[in-house]
């Protein structure tokens, strides 16, 4: 079989099966007696095992097979799907994901999974979860994996034990300031050969001699000396930092080695059965008939969609050019044809944009596992509620929002919600709720991360902002609560060396803000003490084709994104006032700063100012500004083009576009202007 021919399909389908396993395992944790969920997990594992074996990824197939045995024991009522047991299964899924990622990056999916295999084997044998957690002979110590022994080595270890010898694994760490690593290793081996016989080393002796290792290595020996004696003698070698000695359980090693082959034989017949029929002890037979639905979808490489989008962007530019020509020639037939072409290209634009739209579920899917793990680490009880996962965003935006959402969720987990004990003290349920919500509104998608935790402490934030120089003490007292909360997004507000509500709230939030604004969106925060906090992200549906207002600034043309515009207006010169050395106007009861784009962009003056000024009112969050222009040209859909790597520092310019007459117009970044 030509592996490369099916590789992309294998990676896509494997990723889907792993995500399905994650989702169903999380559901299984809350409803451990639901056999339909167990069957779904088993089916995904079974399919993944078959695909991996067919493609020749034996390590992947072997681990999936071992996990399948545990799942089979759960559905046959031999094991209970407790949270602790599922911790081990999740660990196996993490390893499977790492192996699939390695294959996606061009590797062979190899990974040392002896530790998790040993745990799965113990679970299948019916040993308690506590015993599994206490497994020492295969634990990672100082970054070293436990040894994997072949038949000969295992025979030597077994026979040595029968003759009264001890078998030890020594995990040895050298000091960071060690000068000659290979020399120290040689001295260690010399000492060990005086007390017993070296059976195996990791890395190999050749690698150790070539210093092809970090600061740690492992050695297996058989000896009649005690652990304490071996430890004392090896520690006499200078520049050794630490030694961990583990007694090797040869019975366990044999079981791990033999179990895989035995189970493969046992399951040959089992694999022939369809996974839609599930038999449970003392329970009725569960039968599920899966009727294949007609497949109405095909997989398309995203690069092809990108190419299609680039071609269409060129078409939009030519469409604008034709519209300009038809206006100049005033030909009714040409105008009619161009109008028809515009309608058709508009429909084509909607279809292409919809093809690129991806449900935010693709990003949201990874968060339940993250929240579960973090809640265990923080000793908190947290329920994550996901709403609107079917909401769609352009693929380019989807690729970028994962990290900001991770920041916000970790922030809510770590510093938003309280510990169960503290929640009970103030009359709240011990389990806190974090909600991740997405919804459409106009040409934007909103994503909210909210919690029912302690809220933000205004005084702590203000105190920290003043001490960090973000705001003056005088100005701080006049700020509203919401304005104080917005200070959390300021760069340099928090320091990592002081662990407090404020430090946690500030770390990374300026990074979140910068990332969201680079996507043409904005982020805001609101909070109610003792009730919780809401972070709200506003994002454009797409980044490549946007609606703008074209304006003239002297002899040049600029584009202002419609998403930033509140309205346009004409004002008299006499309406301009001054406040704090800044020109301002009164706009519907609000004082709005006035910015003359001729001066700001240093455009050569070709037109004299008259009594009336044309202004564009733009907004970023609750802040506004009035941009003075010479005239309005009108609304138009334009293609957003990057300025390239040589003009990355052009302030307040987010890109450029080509107009119908071939002229280049710069696109104004209103967020940067207001900031």
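Overview of results
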read-out: Matching residues, the range 564-584, being under 13 Å from residue 616 (Cβ atoms) and within 44 Å of the chain's Cα centre (by Cα); value: 564, 565, 566, 567, 568, 569
read-out: Condition check for residue 358: at pLDDT below 85 and part of a strand (DSSP E or B); value: yes
read-out: Selection count, the range 93-107, where residues are out of contact with any helix residue (DSSP H, G or I) (no Cβ under 8 Å at 6 or more places or on another chain) and closer than 20 Å to residue 71 by Cα; value: 1
read-out: Any hit, the range 385-392, residues being modelled with pLDDT of 85 or more, closer than 25 Å to residue 89 by Cα, surrounded by fewer than 20 Cβ atoms within 10 Å (Cβ to Cβ) and out of contact with any helix residue (DSSP H, G or I) (no Cβ under 7 Å at 6 or more places or on another chain); value: yes
read-out: In the range 638-665, the residues that are part of a strand (DSSP E or B) and touching a helix residue (DSSP H, G or I) at 6+ places or on another chain (Cβ under 7 Å); value: 639, 658
read-out: Boolean, residue 50 is modelled with pLDDT under 90 and at positive phi; value: no
read-out: Residue identified as part of a loop (DSSP other than H, G, I, E, B) and touching a strand residue (DSSP E or B) at 6+ places or on another chain (Cβ under 8 Å) among 456, 434; value: 456
read-out: Test: residue 547 is in a helix (DSSP H, G or I), modelled with pLDDT under 90 and under 30 Å from residue 315 (Cβ atoms); value: no
read-out: Residue, surrounded by the most Cβ atoms within 10 Å (Cβ to Cβ), within the range 209-245, restricted to residues that are touching a residue at least 60 places away in the same chain (Cβ under 8 Å) and farther than 26 Å from residue 112 by Cβ; value: 239
read-out: Residues within the range 642-662 that are surrounded by 11 or more Cβ atoms within 10 Å (Cβ to Cβ) and in contact (Cβ under 8 Å) with a residue 60 or more places away in the chain, tallied; value: 6
read-out: Verdict on residue 562 being surrounded by 19 or more Cβ atoms within 10 Å (Cβ to Cβ), at pLDDT 85 or above and under 30 Å from residue 482 (Cα atoms); value: no
read-out: Every residue from the range 546-559 that is in contact with a strand residue (DSSP E or B) (Cβ under 6 Å, 6 or more places away or on another chain) and surrounded by fewer than 20 Cβ atoms within 10 Å (Cβ to Cβ); value: 547, 550, 552, 557
read-out: Qualifying residues in the range 370-382 (those that are surrounded by fewer than 19 Cβ atoms within 10 Å (Cβ to Cβ) and in a helix (DSSP H, G or I)) - the one nearest to the chain's Cα centre (by Cα); value: 370
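Per-residue answers, yes or no, for (1) touching a residue at least 60 places away in the same chain (Cβ under 8 Å); (2) assigned to a loop (DSSP other than H, G, I, E, B); (3) closer than 20 Å to residue 112 by Cα:
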site: 168; (1), (2), (3): yes, no, no
site: 173; (1), (2), (3): yes, no, no
site: 182; (1), (2), (3): no, no, no
site: 186; (1), (2), (3): no, no, no
site: 189; (1), (2), (3): no, no, no
site: 194; (1), (2), (3): no, no, no
site: 198; (1), (2), (3): no, no, no
site: 207; (1), (2), (3): no, no, yes
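The values are calculated or read from the model by the stated rules, or taken from the named source; none is laboratory data. Remember, predicted model here, so these are calculated numbers, not experimental data. Every residue, glycine among them, receives a Cβ derived from its backbone with ideal geometry; neighbour counts consider all protein chains shown.
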